[in-house]
1. I'd like to know if segment A:50-57 contains one or more residues that are of a type outside the set (Val, Ile, Thr), in a helix (DSSP H, G or I) and under 29 Å from residue B:203 (Cα atoms).
2. Give the residue, chosen from A:45, A:10, A:19, that is at the interface with chain B (Cβ under 7 Å from one of its Cβ atoms) and of a type in the set (A, V, I, L, M).
3. If I go through segment A:29-54 residue by residue, how many of them are under 15 Å from residue A:92 (Cα atoms) and hydrophobic (A, V, I, L, M, F, W, C)?
4. So which residues in segment A:87-104 are within 14 Å of chain B (Cβ to nearest Cβ) and surrounded by 18 or more Cβ atoms within 10 Å (Cβ to Cβ), if there are any at all?
5. Give the number of residues within segment A:105-126 that are in a loop (DSSP other than H, G, I, E, B) and exposed (fewer than 14 other Cβ atoms within 10 Å of the Cβ).
6. Go through segment B:170-179 and give me each residue that's in a loop (DSSP other than H, G, I, E, B) and open to solvent by less than 10 Å² (accessible area, probe 1.4 Å).
7. Residue B:167 passes all but one of (1) in contact (Cβ under 8 Å) with a residue 24 or more places away in the chain; (2) surrounded by fewer than 22 Cβ atoms within 10 Å (Cβ to Cβ); (3) at negative phi; (4) assigned to a loop (DSSP other than H, G, I, E, B); which number fails?
8. If a residue has to be in contact with a Ser or Thr (Cβ under 8 Å, 6 or more places away or on another chain) and open to solvent by 10 Å² or more (accessible area, probe 1.4 Å) to count, how many in segment B:187-202 make the cut?
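The values are calculated or read from the model by the stated rules, or taken from the named source; none is laboratory data. Nothing here was measured: the structure is a model prediction, and the numbers come from that model. Note: ideal-geometry Cβ built from the backbone for every residue, glycine included; neighbour counts use all protein chains shown. The area values use the complete protein model at the heavy-atom level, side chains included, leaving out ligands, DNA and RNA. Shrake-Rupley method; radii C 1.70, N 1.55, O 1.52, S 1.80 Å.
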Amino acid sequence: MKLNIILSWAILIILMYAAQTSLLPYIGYNGVSVNLMLLLTVSTAFVHGYKHGVLMGLVTGILQDFTTGSYFGCSIFSYMIIGLFFGKFSDRIFKEQLLFPVLSAPLAATMYFFIVTSLLFLIGYKIDFLHMIQTILQPLIIYQVAFSWLIHKLVYDFDKFAKRHG
Amino acid sequence: MSRSRKEKNQSQNKTAAIIFILAFVLCSIFIVAKTNVQVPAAGKTMMFFLSPFQKTFSWFGGGVSELSGSVEEMQNLQSENETLREEVKKLRAENLNASEALSENQRLRALLGYKQNATQFDMVAASIVGRESVTWSSVVTINRGLLDGVADNMAVVTELGLVGHIVEAGLNTSKVQLILDPRSSVGTLIQRPESRVAGIVEGDINNPNAPKMVNIPKDADVKEDDMIVTSGFGGVYPKGIVVGKIKEIHNDEGGLLKHGIVATTVNFEKLEDVAVIIESREAPPDPLPPVIQSEANTEVDAAELAKQMELSKQVQQEVRDRVKQAQIQQLEQAKQSGGGTAN
């Protein structure tokens, strides 16, 4: 039973990650497109609480860091922190409520942006924060808000489906 | 009472585990960044399982992209002629598959043309199947791997110029670090014969679409619109591949050096098909013209011979100079032990 649920989640994560890396860049702006793994982590944290949020952050972060050849650990660390943070609100909101995840999307994107740029700064890169806010954060927030409702609805319905059939 | 204590203990253990993992990941980030350690087996395994999905989505995305391009074209036609637009719309819808095939055909023909002209390279054509969602770094995934003869550190090009190099070759897919990536550095030369100034082209984290040519002496003969080609030093990128041209020149803070902003010849946002150079040789020399042996042209041949000898001396001198420059570069790189290595 539990194995079925885990397998269903694994397939959902892989499909969403494949879409994020191969399909959605076609609608990207200046190399920035929607980050479904971040939305997935936030929605899971809202629906299941901080422990599952951290776990989802760990899994999506590992998947992203190992397969993209980006700066190793940056995604794992930032997604885990974000999963932990938003998971703390899990018992204070209605899970059916879709407005809160949409409103949280800009905050999650901003947190992700500042965690990663701070880590890159600490590694030794000269970061022009203002320029990066304009070129990366602003389009990222727009994409995240546009997709947040859809992803939260998907996670919420998928969770119900997995519990029913798992 | 004991049950609630047990639950409390479990919760504390989970929190401790989370803190431990976070601390471990944080340490790993800095260790990996400084030592460039990789875990290829894990990455390759994940890429192996992920690649079929990426290939499918990428194929679908190509179709969608073609469709959106067609829609844009049709919008322009609408302003010119409403009737014609309707007709084109119908034709486009009918021939969507055909136009996608035609577009792919044109791209591959261009790539094939380059492949046939560049006889010094053995190449494998590949398509991009994966990209990152945010441009902290610039790494893409291509649908060729070890099974196709692709290996780490092979150069990746298009008919327009240099794209990057393979950083991790999986079984059927590979990761390509683009020249836009801040960790990438390419040994280059100014193509203009009277200049031939050497420099390193590296990605700029603050401007992911335009890399910089750095380490140019302030008095060096570098102008805007100068073409940049790979120097061949370092062994990853073969010599003579076009990288781009100098868009702007700025002085560095120290005052001794300057850097140029490079406009790449390859449009990385529309990159779909590439070629991996799996083998490179020196370009074969042009065949010598046949010499007709006669008394009348004996003197001419001698004069030609003298000219050729003079020319070969100049070439030798140029090669010596470049070797000297390469040695100086290597020494500088050795000094900069903290930074990335120049390829």
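1. Yes.
2. Values: A:45 fails: at the interface with chain B (Cβ under 7 Å from one of its Cβ atoms); A:10 fails: at the interface with chain B (Cβ under 7 Å from one of its Cβ atoms).
Going through A:45, A:10, A:19 in turn, just one is at the interface with chain B (Cβ under 7 Å from one of its Cβ atoms) and of a type in the set (A, V, I, L, M): A:19.
3. 4
4. A:87
5. 2
6. Step one: list which residues in segment B:170-179 are in a loop (DSSP other than H, G, I, E, B), which gives B:170-173, B:179.
Those that are in a loop (DSSP other than H, G, I, E, B) and open to solvent by less than 10 Å² (accessible area, probe 1.4 Å): B:170, B:173, B:179.
7. Checking residue B:167 against (1) in contact (Cβ under 8 Å) with a residue 24 or more places away in the chain; (2) surrounded by fewer than 22 Cβ atoms within 10 Å (Cβ to Cβ); (3) at negative phi; (4) assigned to a loop (DSSP other than H, G, I, E, B), the one that fails is (4).
8. First, the residues of segment B:187-202 that are in contact with a Ser or Thr (Cβ under 8 Å, 6 or more places away or on another chain): B:187-189, B:198-202.
Right, trim to open to solvent by 10 Å² or more (accessible area, probe 1.4 Å) and you get B:198, B:200, B:202.
So the answer is 3.
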